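Colleague: Mind looking over this structure? Questions follow.
Please treat every number below as a calculation from the coordinates, not as lab data. Keep in mind that what you see is a predicted model, and the values were worked out from it rather than measured. Positions of Cβ are generated from backbone atoms using ideal geometry, with glycine treated the same way; all protein chains shown enter the neighbour counts.
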Amino acid sequence: MKLGILLTSSPENENTNTVISLSRSAREQGHEVSIFLMYDGVYNVHKKEFAQLADKGVRIAVCALNAEQRSVQKVGGILFGSQYDHACIAGEVDRFISFG
Amino acid sequence: MQDLVNMTTELDLRGEVCPYTFVKTKLKLEEIECGDELIVTFDHAPAVENVPRSLKNEGHKILGIEKKDEHVWKVRIRKA
């Protein structure tokens, strides 16, 4: 199954740990996972757990505009994209879950 | 011969940010003929990376990206 996740809350929110645990479990079960970070969700991009998820094959994209507005620096291996990438994820996946 | 009949259209998107940079470019592409060229001016750096990447994904050809000054770029697109 292809799973898409939108995360719009900042790292101190419980959503972050939920997204990390859900994505990790889904990957371990062989599912494809794509995460899009926007609004304050872009702050999560510097958490080491997200780098670990990317290493495990989770596709992570960040809203470049929201990152620029919040002075969030780019991270290697993670796409600093646009709402087009968000739309592509939503269009490709079997299930899409929004955390915000 | 084909190039002689292709038209070039310009679109100024200075002041626009995502997602309008992509949306307005896509809408303009819908107005022109296949093979015609669209030149879009941006002043938002992320758009200069993301709009061409998205358009390539849609099958269009990026003919070039020219930096006009510190914050202005022109992107040349050939409609597929």
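Colleague: What does the structure give for A:59-69 when I average, per residue, the other chain Cβ atoms found within 10 Å of the residue Cβ?
Modeller: On the way: counts 0, 0, 0, 0, 4, 8, 8, 2, 1, 5, 1.
Averaged over the peptide's residues, the number is 3.
Colleague: Let me ask you something else. Which value results when the Cα radius of gyration for chain A is divided by 2.2 N^0.38 Å?
Modeller: Numbers: Rg = 12.0 Å, N = 100, 2.2 N^0.38 = 12.7 Å.
My calculation over the Cα atoms of chain A gives 0.95.
Colleague: For every other residue with a beta carbon closer than 11 angstrom to the beta carbon of A:Phe36, add +1 if it is Lys or Arg and -1 if Asp or Glu, then tell me the sum. Walk me through the intermediate numbers first.
Modeller: On the way: positive: A:Arg59; negative: A:Asp85.
Here the charged neighbours net out to 0.
Colleague: Relative contact order, percent, of segment B:21-80 when contacts are C-alpha pairs under 8 Å separated by at least 6 residues? If you can, show how the numbers build up before the last one.
Modeller: On the way: 87 pairs, mean separation 25.5, N = 60.
Computed over segment B:21-80, the figure is 42 percent.
Colleague: Restricting attention to segment A:1-88, which GluC sites (Glu not before Pro) occupy a DSSP loop and are surrounded by at most 15 other Cβ atoms within 10 Å?
Modeller: Details: sites: A:Glu12, A:Glu14, A:Glu28, A:Glu32, A:Glu49, A:Glu68; in loops: A:Glu12.
Those that pass, being in a loop and sparsely packed, are A:Glu12.
Colleague: Quick one, can you get me the convex hull of the C-alpha atoms of the protein assembly as shown expressed as volume per residue in Å³? Spell out each step's value before the answer.
Modeller: Numbers: hull volume 22.5 nm³, N = 180.
Roughly 125 Å³ of hull volume per residue.
Colleague: Express as a percent, rounded to the nearest 5, the fraction of DSSP beta bridges in chain B (both residues included) that run antiparallel. Each step should come with its number before you reach the end.
Modeller: On the way: 13 of 18 bridges.
Given both bridge residues lie in chain B, the antiparallel proportion sits at roughly 70 percent.
Colleague: Kirkwood hydrodynamic radius for segment B:2-78: how many Å is it when counted over pairs of different Cα atoms? Present the calculation step by step, with values, prior to reporting the outcome.
Modeller: Values: mean 1/r = 0.0809 Å⁻¹.
This gives a value of 12.4 Å.
Colleague: Something else: Between A:Arg59, A:Arg24, A:Arg70, where does the largest GNM mean-square fluctuation fall for chain A, given springs only between Cα atoms within less than 10 Å?
Modeller: Largest GNM mean-square fluctuation: A:Arg70.
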